[in-house]
Amino acid sequence: MQRRFFNPRKPPFGYSISEHDGVWHIVLGKPEEIEVVRWLYWAFDGSDLTCRQLVSHLNTKGTPSPSGTKWRLFDVITILRNRAYSGFSSQPALVSVEQFERVQARISRK
């Protein structure tokens, strides 16, 4: 009998965990979460909006957060700083490496 291990680590927002042949994989998650992640990168990269303004926008629209409560500054910064979204570690990319790097450069200037 093949031994199966459970990966208790919660995947990043926009991803989920799938098991295949006893191996856990990070795969694309809910489409609405993927859309939020892509929007955050697009809005931060292509405008003068601050992370606080992104939080305000998401809460005003009633967009569900990773925790299921209101969006916090921590949530937005965590998503924008997470290299996983650029396809790092064999995860499906939600943003290009170039966009991820531009966002990191802008965050570093703050």
- Among the residues of the range 7-30 satisfying the criterion of being in contact with a strand residue (DSSP E or B) (Cβ under 8 Å, 6 or more places away or on another chain) and farther than 20 Å from GLY68 by Cα, which is modelled with the lowest pLDDT? ASN7
- Is it true that some residue in the range 33-56 is within 14 Å of PHE13 (Cβ to Cβ) and polar (S, T, N, Q)? no
- Message: If I ask for residues that are touching a Leu at 6+ places or on another chain (Cβ under 7 Å) and either hydroxyl-bearing (Ser, Thr, Tyr) or surrounded by fewer than 17 Cβ atoms within 10 Å (Cβ to Cβ) (or both), which ones from the range 44-64 would you list?
- Response: ARG52
- Result of the Cβ filter at 6 Å on the range 18-31, keeping first residues that are touching a residue at least 24 places away in the same chain (Cβ under 8 Å) and partners that are part of a loop (DSSP other than H, G, I, E, B) and surrounded by 12 or more Cβ atoms within 10 Å (Cβ to Cβ), at least 6 apart or interchain, is ILE26/PRO11; ILE26/GLN91; LEU28/PRO92
- Message: Within the range 40-53, does at least one residue satisfy the condition of being farther than 19 Å from VAL95 by Cβ, free of Cβ contacts under 8 Å to residues at least 60 places away in the same chain and among the aromatic types (Phe, Trp, Tyr)?
- Response: no
- Flagged in the range 25-43 as surrounded by fewer than 17 Cβ atoms within 10 Å (Cβ to Cβ), under 15 Å from the mean Cα position of the chain (by Cα) and not aliphatic (A, V, I, L, M), in numbering order, are LYS30, PRO31, GLU32, GLU35, ARG38, TRP39, TRP42
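Can we say ALA84 is out of contact with any helix residue (DSSP H, G or I) (no Cβ under 8 Å at 6 or more places or on another chain) and under 21 Å from SER18 (Cα atoms)?
Working: out of contact with any helix residue (DSSP H, G or I) (no Cβ under 8 Å at 6 or more places or on another chain): yes; under 21 Å from SER18 (Cα atoms): yes.
So ALA84 passes the test.
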- Query: Between a first residue in the range 64-89 that is under 13 Å from LEU54 (Cα atoms) and a second residue that is of a type in the set (D, E, K, R) and crowded, with 20+ Cβ neighbours inside 10 Å, which pairs have beta carbons less than 7 Å apart while being 6 or more apart in sequence or on different chains?
  - Reply: SER65/ASP75
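Yes/no per residue for (1) within 17 Å of GLU35 (Cβ to Cβ); (2) assigned to a helix (DSSP H, G or I):
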site: THR60; (1), (2): yes, yes
site: PRO66; (1), (2): yes, no
site: TRP71; (1), (2): yes, no
site: VAL76; (1), (2): yes, yes
site: ILE79; (1), (2): yes, yes
site: PRO92; (1), (2): yes, no
site: VAL95; (1), (2): yes, no
site: GLN104; (1), (2): no, yes
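The values are calculated or read from the model by the stated rules, or taken from the named source; none is laboratory data. All values reported here derive from a predicted model rather than from experimental measurement. Cβ coordinates were reconstructed from backbone atoms using ideal geometry, including for glycine residues, and neighbour counts include every protein chain displayed.
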